[in-house]
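Asks: Structure in structure tokens, see below.
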Amino acid sequence: MTLSRVVEGAVVPGRIPDARSELVVDIHDLRRGAGAHKQVTRVANAPDGIGISVIGVPPGSPIDLDLLLESVVEGVLVTGTATVSLMGSCARCLEEVVTRTVIDVQELFCYPDKELDDPDASRVEGELIDLEPVLRDAVVLDLPFTPLCRPDCAGLCPLCGENRNRDPGHEHEIAADPRWAGLVELGSGSPAPLENDYPGGSQARIKE
């Protein structure tokens, strides 16, 4: 079966949700029209590919959904939260970052016969709504582009790569600039005696 939607007078094929997915919600018990609502509380397994290159939701990790579905004139309004696990690497020290975060969810799923200016608007497909695309967008928008293991992470030593969080006193002796080596050698020798260093000046030096 192929579902369709109407966008500015044109019929566009819709994405068919998989009813077996834990991120797909059946809304057949919500009567069409304003007023009806239902609470959805469940744990779903995270699909692949939610996140960015440095941090994301591990596939198969639990997603705790706490959502309210409300029937409105245009469709079904979904509001609530999704609590997800995050795993990635610290941008400073490269250590693993593992945490849980709460994502706010708010999306209007419009009925298929509603004409919309936005072709990417979420739609009710049959009697199903698919939360996966909405959840992906919400998670990515909430992710830090530079994840840290802790706010005061000291990072890696730029000279040897040592994790400075493990050794706060870690330091290196400052190597001398080789361009100044000649001056250092000159400075290390005994200075030549000056004329004024001899009693009587240059004449006293000749007598010697």
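Asks: Modelled with pLDDT under 95 and surrounded by fewer than 12 Cβ atoms within 10 Å (Cβ to Cβ) - does that describe any residue in the stretch 84-95?
Replies: Looking for residues that are modelled with pLDDT under 95 and surrounded by fewer than 12 Cβ atoms within 10 Å (Cβ to Cβ), one finds none in the stretch 84-95, hence no.
Asks: Can you name the number of the only condition in (1) part of a strand (DSSP E or B); (2) within 16 Å of the chain's Cα centre (by Cα); (3) surrounded by fewer than 14 Cβ atoms within 10 Å (Cβ to Cβ) that T146 fails?
Replies: Failing condition for T146: (1).
Asks: Do we find that F145 is more than 30 Å from L30 (Cβ to Cβ), aromatic (F, W, Y) and either at pLDDT 85 or above or in contact with a strand residue (DSSP E or B) (Cβ under 8 Å, 6 or more places away or on another chain) (or both) in this structure? Show your work before the answer.
Replies: Working: more than 30 Å from L30 (Cβ to Cβ): yes; aromatic (F, W, Y): yes; either at pLDDT 85 or above or in contact with a strand residue (DSSP E or B) (Cβ under 8 Å, 6 or more places away or on another chain) (or both): yes.
It is true that F145 is more than 30 Å from L30 (Cβ to Cβ), aromatic (F, W, Y) and either at pLDDT 85 or above or in contact with a strand residue (DSSP E or B) (Cβ under 8 Å, 6 or more places away or on another chain) (or both).
Asks: Name the residues in the stretch 92-136 that are under 18 Å from S61 (Cβ atoms) and either in a loop (DSSP other than H, G, I, E, B) or under 14 Å from the mean Cα position of the chain (by Cα) (or both), would you?
Replies: E96, V97, V98, T99, R100, T101, V102, I103, L131, R136
Asks: Right, something else. H28 is checked against (1) in contact (Cβ under 8 Å) with a residue 40 or more places away in the chain; (2) under 27 Å from the mean Cα position of the chain (by Cα); (3) farther than 13 Å from V139 by Cα; (4) not in a strand (DSSP E or B) and fails just one. What number does that condition carry?
Replies: Tallying (1) in contact (Cβ under 8 Å) with a residue 40 or more places away in the chain; (2) under 27 Å from the mean Cα position of the chain (by Cα); (3) farther than 13 Å from V139 by Cα; (4) not in a strand (DSSP E or B), H28 fails exactly one: (2).
Asks: Oh, and also: Here is a check on your reading of the model: is V78 at pLDDT below 95, in contact with a Phe, Trp or Tyr (Cβ under 7 Å, 6 or more places away or on another chain), under 22 Å from I27 (Cβ atoms) and β-branched (V, I, T)?
Replies: Working: at pLDDT below 95: no; in contact with a Phe, Trp or Tyr (Cβ under 7 Å, 6 or more places away or on another chain): yes; under 22 Å from I27 (Cβ atoms): yes; β-branched (V, I, T): yes.
Answer is no for this residue.
Asks: Do you know which residues across the stretch 135-178 are without any contact (Cβ under 8 Å) to a residue 40 or more places away in the chain and touching a His at 6+ places or on another chain (Cβ under 7 Å)?
Replies: C157, L159, E162
The values are calculated or read from the model by the stated rules, or taken from the named source; none is laboratory data. Because the structure is a prediction, the values reported are computed rather than measured. Here the Cβ is made from the backbone with ideal geometry for all residues, glycine too, and neighbour counts use every protein chain on show.
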